[in-house]
Amino acid sequence: MTVPLPHSRAWPAGAHAGRRALIVVALAAALLAGCNRRRDIGPVVVSAIGSAPQIADASRVALDAPTRILMDSTAQGLVRFDAAGQIVPGLAERWIVIDDGRSYIFRLRETEWSDGRPVVAADVVKALSRQIAPESRNPLAPYLTAIDEVVEMTPQVIEVRLSRPRPDLLRLFAQPELAVLHPITRGGTGPFRRLRRDGARVLLRPSFDPARVATEEIEEPGPEANVQLIGERAARAITRFTERQSDLVLGGSFNDWPVVALADIAPANMHIDPAAGLFGLAIVDRAGFLADAQNRMALAQSIDRPALVAAFAPGWAPVEQILPAQLDSAAPPALPAWASLAAAERRRGALARVMRWRSAHPGPLVLRVALPQGPGATTFFGFVGAGLRSIGIEPRRVPWAADADLRLIDSVAPYDSARWYLARACQLCGEQAIAALEAARNAATLAERAQLLAAADSAINEDAAFIPIARPLRWSLVAERLKSFAENSRAWHPLNALRRETR
């Protein structure tokens, strides 16, 4: 590229050397910026960290990041998330909530399946009913138990009837796990259609939407409107981005952070979402030492949270409570009794608990910590293991799905309810904590639910069934051509909301 020189003008005597230095710096900066700029031509190339993306039924299999992105792109539920994580119309063009949150009525917009058949209420009723059925393996099903039935009122109107009020239901309906698929072809009505697949690569093209065609002047979308979605390992995705062979990397977590931290990524391309959710260790075995709540609290006291999060991303903040805010609870988040203690005082108290146990139970005290494979998990285990060793416990790392005493939970909250946080943290709670959580789930009114959620928060906190450490770390690498990319608390970035000129 050609960089124009500054216009000549008179400079004070003795300033020519400084002028030449400024010109050299300006030239270098301009050339560097030109080299770093990606050409805004061709499809947007997106790497999603995980396996090859595929269309899948969430009632049967778990969806990893690339598959969730593909499902959101080619299919949709009644509503969707926009770039900012806010609710926008999906299959439903409008809706109302009545009876204090016990009834949601949706009017479907006019749209078609890929085979040309119109989407009707019966299709949506059948698809949603399968996802919330008792035998469903959909991870959202436990939070949809208040739904009594999904009813076809007319071919274009459905009603979701609930036994208990749920004013936050729309955020669950926006998740890819509740996308509605064609009963035979398994296709969807999302903003994209699959053009072709090549191994782990899927080429997507903006879909035809008859509702948007008001005149015969229809412009065929250019290649820049297409998206190539690739499912791959974090190291390969980061390398592809640094080599300017992709425009976006999605699905980054704490486990991949050590890899991206070593890469030469410009700060303008690095985005960290203010993700809401849980990141910590769940107690999944309550035998022996872990049978006592005070002993379980000793584990939480041993971890140096500020040092742990400082080893990862800048600004990643530690937490000591399960709930991030009051949310729909009647009280502020419950704090553990040790939260007011200094770090040294916490460790002394925890060590005393362990020493008392070991005096009555001679021999080594070993705890199994279940973690995923990856460099971030290795760093995490180093800090957690050091904390446990400092109080006389020997940690042993095991695979995430293996039998364990502690298991990492790293989940973004699908909706903003205290119940999600408490139920997700309560992998193995005591009877009192379980009863409190169940009472909150069955509350007849929102006011009663709020009071019972506060009681459940307190009970689970006293039960010490979960060790909070931070909120989920979610990062993306974003090229400057994607002007509409926005960080949000859902850590969710729809492929149709990346560029201003695409839907």
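With a requirement of 3 or more residues that are open to solvent by 60 Å² or more (accessible area, probe 1.4 Å), at pLDDT 95 or above and in contact with a strand residue (DSSP E or B) (Cβ under 9 Å, 6 or more places away or on another chain), the strands (runs of 3 or more DSSP E) lying completely within segment 1-119 that satisfy it span 92-98. Considering only residues that are hydroxyl-bearing (Ser, Thr, Tyr) and within 16 Å of Pro176 (Cα to Cα), which ones fall in segment 110-131? Within segment 110-131, Ser129 is the sole residue that qualifies. Every residue in segment 280-302 that is outside any helix (DSSP H, G or I), in contact (Cβ under 8 Å) with a residue 60 or more places away in the chain, more than 24 Å from Gly252 (Cα to Cα) and not charged (D, E, K, R), please. Once the filter is applied, which keeps residues that are outside any helix (DSSP H, G or I), in contact (Cβ under 8 Å) with a residue 60 or more places away in the chain, more than 24 Å from Gly252 (Cα to Cα) and not charged (D, E, K, R), segment 280-302 yields Ile283, Val284. Residues in segment 396-439 that are surrounded by fewer than 20 Cβ atoms within 10 Å (Cβ to Cβ) and farther than 15 Å from Ala282 by Cβ: Arg396, Arg397, Pro399, Val412, Asp416, Glu431, Gln432, Ala435, Glu438, Ala439. Taking into account only those residues within segment 326-339 that are at pLDDT 95 or above and open to solvent by 60 Å² or more (accessible area, probe 1.4 Å), which is farthest from Ala464 (Cα to Cα)? Step by step, filter segment 326-339, then rank; the result is Leu327.
Can you find a residue in segment 412-434 that is within 22 Å of Gln175 (Cβ to Cβ) and over 23 Å from the mean Cα position of the chain (by Cα)?
Within segment 412-434, none of the residues are within 22 Å of Gln175 (Cβ to Cβ) and over 23 Å from the mean Cα position of the chain (by Cα).
Filtering segment 179-191 down to residues that are under 24 Å from the mean Cα position of the chain (by Cα) and closer than 11 Å to Met71 by Cβ, which residue is surrounded by the fewest Cβ atoms within 10 Å (Cβ to Cβ)? Before you say what the answer is, go through the steps one by one.
Step one: filter segment 179-191 for residues under 24 Å from the mean Cα position of the chain (by Cα), giving 179-181, 188-191.
Still in the running and closer than 11 Å to Met71 by Cβ: 179-181, 188, 190.
On the way: Ala179: 30, Val180: 24, Leu181: 21, Gly188: 28, Gly190: 25.
Going through the qualifying residues, I end up with Leu181.
The values are calculated or read from the model by the stated rules, or taken from the named source; none is laboratory data. Computed from a prediction, not measured in an experiment: that's the story for all the values here. Here the Cβ is made from the backbone with ideal geometry for all residues, glycine too, and neighbour counts use every protein chain on show. Please note that ligands, DNA and RNA were not included when accessible areas were found on the heavy atoms of the full protein model with its side chains. Shrake-Rupley method; radii C 1.70, N 1.55, O 1.52, S 1.80 Å.
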